[in-house]
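Below you'll find the structure, written out as structure tokens, and then a few comments.
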Amino acid sequence: MKKILLVSPFFHPEKISTGLFNTKIVEALEKKEYVVDVWCSYPFYPLWKPEYSDNSDFGNNIKRMGYWIRYPKSLILRRFILELWFFIATAFRMIKDKVDYDIIIAHVPPSLFVFPLVVFKKNVRLVTLVADLQSIHMGEGSNFFRKVVFSFVGWIERLIFNSSDRLVFMSHAMLETVGRHNLNKRIDIKVCYPGVTIARQDGISRHSLSFISSSNKNIVYSGALGEKQNPEFLYKLFEEVASSNPNLHFYILSEGNLFEKIKDMGQIQGSRINFLPLVSEVDVTELYAKSTVQIVPQKSGTSDGSLPSKVPNLISNYVPIFAVTDAGGDLAKLLDEYPLGYHTQSTDSSKVAGELLSFVQSLDDTKNLSDDEKLEIDSQICSKFSFDKFIDILSEK
């Protein structure tokens, strides 16, 4: 029986989407009767404070590390500490444990922890799953220190990629950014979008989100809020539209320091925006059903570094998507094919506000999708987001 090890700081019950996605990967692999072990951190997002988990609600094949870690307030220092301690912990466990696996799946970022996997894995196949190019996101801005870090991170990423047996990029733009010519020809390179993990449901199966009325027009952002989501722009956009459109209702569902920052701004200014915590996984389909539009923001210049993992779920559930993203990237191309999608690359909040209002109006005119349109979405769009295909690519020997 094939034995697989998944290594990433993020795993159930971590709230960050990477934690949920890794959990779904392990569940899918186990359904295929693989023996799967997990090395991860204790959950720490969004407060960056490790919380104890005894694994009793998932299984005993999870080895957690880093309960004693304390993160500073600085975001860039937090990332550095996460990289460093998880690298050391992974190296120690590789030396201490008998590594008897057929495949090791390393979900990056963070990235440094891949090096001890390379050094000590012997004849084990190393599959590096690339969800995000840190070199793209950390290179933003003119700060000299950030530029130095950007160069270093880019160098680390290239070393890791070229030390892998298989590379799985979760967007075409990430592979294009890295460049095939910069990768060793012996490496098996795949591009596979993240699969659908939130199953479509007819109607609302739960009624936990009573604070959001399905009869209202609800403009929603839900998910993690980091620099790459450009939270201050998101807040400014919502404020601009909300101030002159009382018939629209606005919700930002997230957690963490940047979320608290814009929440405080909203309270000071008497905002009409509703700031709420992240909803549980079982309530996501209800949130989708009550969302007139889901906003997907990406900071200008960063869209080649990642594809938001919630996009396949939104499309599969026929949720209208309004994205602020760079032209020509994977997200923009997907929304060009999606009848309920719209994207803009503008950084002018007033202009984007006008585009958002026009998009909402177009949804009024469109009414509901026809059966033929739904069939077209399923066949042409959702076929790109097969989770089974994604799992097969990860687990192929």
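Summary table
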{"read-out": "So Val352, is it part of a loop (DSSP other than H, G, I, E, B), touching a Leu at 6+ places or on another chain (Cβ under 8 Å) and at pLDDT 90 or above", "value": "no"}
{"read-out": "The range 209-241 - residue that is among the small types (Gly, Ala, Ser) and open to solvent by less than 50 Å² (accessible area, probe 1.4 Å) and, of those, modelled with the highest pLDDT", "value": "Ser222"}
{"read-out": "Positions within the range 255-314 being open to solvent by less than 20 Å² (accessible area, probe 1.4 Å), hydroxyl-bearing (Ser, Thr, Tyr) and either within 16 Å of the chain's Cα centre (by Cα) or at pLDDT below 90 (or both), in sequence order", "value": "Thr302, Ser303, Ser306"}
{"read-out": "Qualifying positions in the range 97-138 - part of a helix (DSSP H, G or I) and among the β-branched types (Val, Ile, Thr)", "value": "Val114, Val118, Val119, Ile136"}
{"read-out": "Condition met for Tyr342 (part of a strand (DSSP E or B) and hydroxyl-bearing (Ser, Thr, Tyr))", "value": "yes"}
{"read-out": "Residue, farthest from Asp37 (Cα to Cα), within the range 78-96, restricted to residues that are aromatic (Phe, Trp, Tyr) and buried (at least 20 other Cβ atoms within 10 Å of the Cβ)", "value": "Trp85"}
{"read-out": "Pair list, Cβ under 6 Å, 6 or more apart: the range 110-128 residue free of Cβ contacts under 8 Å to residues at least 40 places away in the same chain, other residue part of a helix (DSSP H, G or I) and among the hydroxyl-bearing types (Ser, Thr, Tyr)", "value": "Pro116/Thr90"}
{"read-out": "Matching residues, the range 230-248, being outside any helix (DSSP H, G or I) and over 20 Å from the mean Cα position of the chain (by Cα)", "value": "Ser243, Ser244, Asn245, Pro246, Asn247, Leu248"}
{"read-out": "Any chance Asp392 is touching a residue at least 40 places away in the same chain (Cβ under 8 Å), out of contact with any Phe, Trp or Tyr (no Cβ under 8 Å at 6 or more places or on another chain) and over 24 Å from Ser291 (Cβ atoms)", "value": "no"}
{"read-out": "Test for Gln361: is it of a type in the set (S, T, N, Q) and not in a helix (DSSP H, G or I)", "value": "no"}
{"read-out": "Failed condition for Asp100, given (1) over 22 Å from Glu227 (Cα atoms); (2) surrounded by fewer than 12 Cβ atoms within 10 Å (Cβ to Cβ); (3) without any contact (Cβ under 8 Å) to a residue 60 or more places away in the chain", "value": "(3)"}
{"read-out": "Of all residues in the range 382-396 being charged (D, E, K, R) and part of a helix (DSSP H, G or I), the one that is farthest from Tyr101 (Cα to Cα)", "value": "Lys384"}
{"read-out": "Qualifying residue in the range 371-385 (condition: touching a residue at least 12 places away in the same chain (Cβ under 8 Å), hydroxyl-bearing (Ser, Thr, Tyr) and open to solvent by 40 Å² or more (accessible area, probe 1.4 Å))", "value": "no"}
{"read-out": "Qualifying residues in the range 17-51 (those that are within 19 Å of Glu396 (Cβ to Cβ) and assigned to a loop (DSSP other than H, G, I, E, B)) - the one least open to solvent (accessible area, probe 1.4 Å)", "value": "Tyr34"}
{"read-out": "One residue from Asp364, Asp388 being closer than 21 Å to Phe21 by Cβ, over 17 Å from the mean Cα position of the chain (by Cα) and exposed (fewer than 15 other Cβ atoms within 10 Å of the Cβ)", "value": "Asp388"}
{"read-out": "Any hit, the range 238-246, residues being in contact (Cβ under 8 Å) with a residue 24 or more places away in the chain and under 30 Å from Ser74 (Cβ atoms)", "value": "yes"}
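The values are calculated or read from the model by the stated rules, or taken from the named source; none is laboratory data. Model, not experiment: these values are computed from the prediction. Quick reminder, even Gly has a Cβ in these numbers, built from the backbone with ideal geometry, and neighbours come from all protein chains shown. Quick note on the areas: whole protein, heavy atoms, side chains included, nothing else; ligands and nucleic acids left out. Shrake-Rupley method; radii C 1.70, N 1.55, O 1.52, S 1.80 Å.
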